[in-house]
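The values are calculated or read from the model by the stated rules, or taken from the named source; none is laboratory data. Please read all numbers here as calculations on a predicted model, not as lab measurements. FYI the Cβ positions are ideal-geometry reconstructions off the backbone, even for glycines, and counts take in every protein chain you see. Only protein heavy atoms, including side chains, enter the accessible area calculation; ligands, DNA and RNA are left aside. Shrake-Rupley method; radii C 1.70, N 1.55, O 1.52, S 1.80 Å.
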Amino acid sequence: MEQQHAIPKITDWALLALLVALWGSAYGLNRVAVANLSPIAVTAIRLWVGAGFLGAIVMFNGIKMPPLSNIRAWASMAATGIIGSLLPFFLIAKAQVHVPSAVAAIYLSASPLAVAALAHFLVPNEKITKIRALGVLLGLVGIVILFLPNLMQIENFSSPLWAQAFLIIGAFCYGLALIIVRLTSPSLDPIGISFGFVLCSAIASTPFLFLNQTDEFARNYDIIASWICAVLLGIGPTAIASILYVGAARKIGPVMVSNTSNLVPFFALAVGFLIFHEAIPATAIWALMTILCGVYLLQVRAKT
């Protein structure tokens, strides 16, 4: 039997707004963190702090985790953690050494495109109609616009292409993780799932800390500020946000949650401009508008 998604209520919208704020704050926090810490260090600190925070909630509330013998549940949580946390967290942190935080957030607005394409094949009632297909096309056009400054060698925005590609890959990782969460057994507690996949990703990140780090740090922020931001990344955008998005993905569907996340660039643009005084290239604004038009079309459902 196909599962129908609930229509969002006022409380759902409030939680989604909080989720947008948490996700949007991650880019500014990353900017300060990578000024003195390597991207993999920021990722590992973020994940272990998030796992500890969620673990405390699990213990305090007596939430029962699936036994280790439940290979399917732990494999799902491990896949969600590696694909939806470890990989995108590292790729974004690495890219933000070279890309402004506000522009990085715009790239991540491509995640609904991945969600829509994957959900068409994997999630009931999330089929791509002709209108939604047009939305995907517009999103792809927006991504091309994002790459234009480098391709045309415009001087006011010359971040490396590999850094921009990392952000695109991170967006698709987020999209795939939402699908995995949606398909996870509904018998598992959302907080338990969040703790499971964050813990798995934290464990997976640890061996990489022993690799030789050759990043050149900006050092334009105090080392203590970098550590504080890395810890805050673990509490807010990782631990609390993971609980909110697991619950929302199950209740109102991954496409809706992913579409809502496209408000994140607006939040990050405001933070980047007001706090860090980041200059936003005109092409980025045009790209954002194009992607958001595509996302709007992705929300249109066929009449039955």
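When residues in segment 144-158 are screened for being at pLDDT 70 or above and open to solvent by less than 40 Å² (accessible area, probe 1.4 Å), 1 of them pass.
No other residue among ALA33, ALA79, ALA44, ALA26 is surrounded by fewer than 22 Cβ atoms within 10 Å (Cβ to Cβ) and of a type in the set (Gly, Ala, Ser) apart from ALA79. Looking at ILE57, is it over 30 Å from SER101 (Cα atoms), of a type in the set (Val, Ile, Thr), touching a residue at least 60 places away in the same chain (Cβ under 8 Å) and not in a helix (DSSP H, G or I)? Criteria not met by ILE57. Scanning segment 92-102 for residues that are open to solvent by 10 Å² or more (accessible area, probe 1.4 Å) and closer than 11 Å to ILE40 by Cβ yields a count of 1.
All of LEU37, LEU29, LEU22 fail the test of being at pLDDT 90 or above, hydrophobic (A, V, I, L, M, F, W, C) and not in a helix (DSSP H, G or I), apart from LEU37. Within segment 166-184, if we keep just the residues that are more than 15 Å from the chain's Cα centre (by Cα) and open to solvent by less than 40 Å² (accessible area, probe 1.4 Å), the residue that is nearest to SER201 (Cα to Cα) turns out to be THR184. Examine segment 49-63 for a residue that is open to solvent by less than 40 Å² (accessible area, probe 1.4 Å) and modelled with pLDDT under 90, and state whether such a residue exists. No, segment 49-63 contains no residue that is open to solvent by less than 40 Å² (accessible area, probe 1.4 Å) and modelled with pLDDT under 90.
Within segment 231-249, is even one residue at pLDDT below 90 and of a type in the set (Val, Ile, Thr)? Looking through segment 231-249, at least one residue is at pLDDT below 90 and of a type in the set (Val, Ile, Thr).
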